[in-house]
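Reviewing the structure listed below.
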Amino acid sequence: MAIKKKTAVIIGGIAAVALVAGGITAAVLATTGNSSAQAAGAVSPSASAAPVTFNLGPKQDRIRLDKVPEAIAAIKKSGFTPIEAGKLTVVVSPYVAPLGLFATDDTTLIGNETDIAQAHR
């Protein structure tokens, strides 16, 4: 497939600009001693900051809410038909933390999507 001369010139020009901009950025960072994180304004952690820990185990302390009769009635009135009677099936992707991931037992799904789905009592 042949491309037009005008298209090739535009693509070449864009590539040249990208290379020059990248070279200038690298040179500035190298001469100022800034890392890319510092240049982007990233905040470095304090030596006295407490470490953040996450519960990645299968036993999660999830918040539970009471059923809302009005919401249940609205779902029934809408004509929604559940896959299994009396249960709401929720699909999550277990590969996009923190939305969904596997716990340390490699079988239990955890994450904020599963927390929301299990917020009922």
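Computed from the coordinates by the stated procedures, all read-outs in this text should not be read as laboratory data. What you see is a predicted model; the values in this text were computed from it and never measured.
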Karplus 3J(HN,Hα) series, Hz, for region 54-65 with 6.51 cos²θ - 1.76 cosθ + 1.60 (x for Gly, Pro):
10, 7, 9, x, x, 8, 9, 8, 7, 6, 10, 10
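How would you classify region 69-117 from its alpha-carbon gyration tensor, with a ≥ b ≥ c the square roots of the eigenvalues: rounded for a/c under 1.5, else prolate if a/b is greater than b/c, otherwise oblate?
Verdict is prolate for region 69-117.
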